[in-house]
């Protein structure tokens, strides 16, 4: 009788590490856990307790250890996180950090515990925020050290990979982050539109989905809204519904009230499929994105997308979305207006989106790529590789 072949990661102990996350990083990591378990690995997730409560990593069969890795720089908190992560990953065969903050702590923990032969993988999901001053310089130093401290850097987009190479990464590979497929809409379009404040289809609905954070460019979106309120081509003016929570909520709400803009803040939502099904257009005015989950969801749903031409967005969407210069409210307003007033353009974008989405690797392909990488590193660990 032929012997049963062992799973590719049989008896391997893998530690996945992340900092505070409320969106893409946590969603991506959760999608990997079950396939890694099916490949035979014993998987432990290390990160903030609040992130586990939001994403339920243990619900996939993974173990979880709380490690307080915050999103901001805090030397005292970082030291505590390094010590805690060192304990949490003491028995791991390989550590994979998701994001620069997690990577910084993981690299420091590896040095502190003398585990230089244990492979460290770093996935880059985001670029450093724009700006200057001391904080920016500190982040740049940390970025360089973290990237150089990893054995393999996985980049969610080509521009992140190019930057990692410039900073001296020893092994860089582009590894697209696949958005989990959304379920089919659960409610009919008219019902969803009524819920957000529209009585019928005579008034357009524009949706934006993402954390209320400076990266998402919502200040530019509100500038664009102020422009199309006075545009005779868009009467009645579209209603804009923003789904997400975050630190800018009060600031955005105050501006919406002060300027009487037709914008509603919906808070964090779990019915993204319903919102996209009810929308006439989705907007993504971000300052920077790698492989935006929102962009992937909109194109899969066939909802016309207007997005910033920045980061990994152009390579992700191709010609299946309207792209505008980052920070350009006038261009954003004009692009949305074209989509809402030109039926042929709207139809083309609605058809091109799913076709473009069909060219992307799915979650299964993403997980299989990771299993192959882990096997490679575990068969040829850093100390032996050079």
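The values are calculated or read from the model by the stated rules, or taken from the named source; none is laboratory data. Note that the structure is a prediction, hence the values are computed from the model and not measured. Here the Cβ positions follow ideal geometry from the backbone for every residue, glycine too, while neighbour counts run over all protein chains shown.
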Among the residues of the stretch 295-315, count how many are within 15 Å of the chain's Cα centre (by Cα) and within 12 Å of residue 182 (Cα to Cα).
3
Could you list, in sequence order, the residues of the stretch 16-40 that are more than 12 Å from the chain's Cα centre (by Cα) and closer than 22 Å to residue 71 by Cβ?
16, 17, 18, 19, 20, 30, 31, 32, 33
Taking the stretch 65-99, which residues are surrounded by fewer than 18 Cβ atoms within 10 Å (Cβ to Cβ), under 24 Å from the mean Cα position of the chain (by Cα) and not in a loop (DSSP other than H, G, I, E, B)?
65, 66
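Listed residues 323, 373, 378; which is in a strand (DSSP E or B) and surrounded by fewer than 21 Cβ atoms within 10 Å (Cβ to Cβ)? Quick ask: steps written out before the conclusion?
On the way: 373 fails: in a strand (DSSP E or B); 378 fails: in a strand (DSSP E or B).
After ruling out the rest, the residue left standing is 323.
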Residues that are closer than 23 Å to residue 200 by Cβ and either assigned to a helix (DSSP H, G or I) or not assigned by TED's automatic domain parsing to the domain that holds residue 331 (or both), drawn from the stretch 273-297
273, 274, 275, 276, 277, 278
Matching residues in the stretch 308-333 (in contact (Cβ under 8 Å) with a residue 60 or more places away in the chain and farther than 20 Å from residue 291 by Cβ) number 6
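Rundown of residues vs (1) at pLDDT 95 or above; (2) out of contact with any helix residue (DSSP H, G or I) (no Cβ under 7 Å at 6 or more places or on another chain); (3) over 30 Å from residue 234 (Cβ atoms); (4) assigned by TED's automatic domain parsing to the domain that holds residue 299, yes/no style:
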| position | (1), (2), (3), (4) |
| --- | --- |
| 319 | yes, no, no, yes |
| 329 | yes, no, no, yes |
| 335 | yes, yes, no, yes |
| 352 | yes, yes, no, yes |
| 368 | no, yes, yes, no |
| 381 | no, yes, yes, no |
Cβ-Cβ distance below 7 Å, separation of 6 or more or different chains: which pairs start in the stretch 198-220 with a residue that is on the phi > 0 side of the Ramachandran plot and modelled with pLDDT under 95 and end on one that is crowded, with 22+ Cβ neighbours inside 10 Å and outside any strand (DSSP E or B)?
210/216; 210/294
By residue number, the members of the stretch 238-260 that are surrounded by fewer than 18 Cβ atoms within 10 Å (Cβ to Cβ) and either more than 28 Å from the chain's Cα centre (by Cα) or part of a helix (DSSP H, G or I) (or both) are 249, 250, 251, 253, 254, 255, 257, 258, 259, 260
Across the stretch 174-186, what is the total count of residues that are surrounded by 14 or more Cβ atoms within 10 Å (Cβ to Cβ) and either more than 18 Å from the chain's Cα centre (by Cα) or at positive phi (or both)?
1
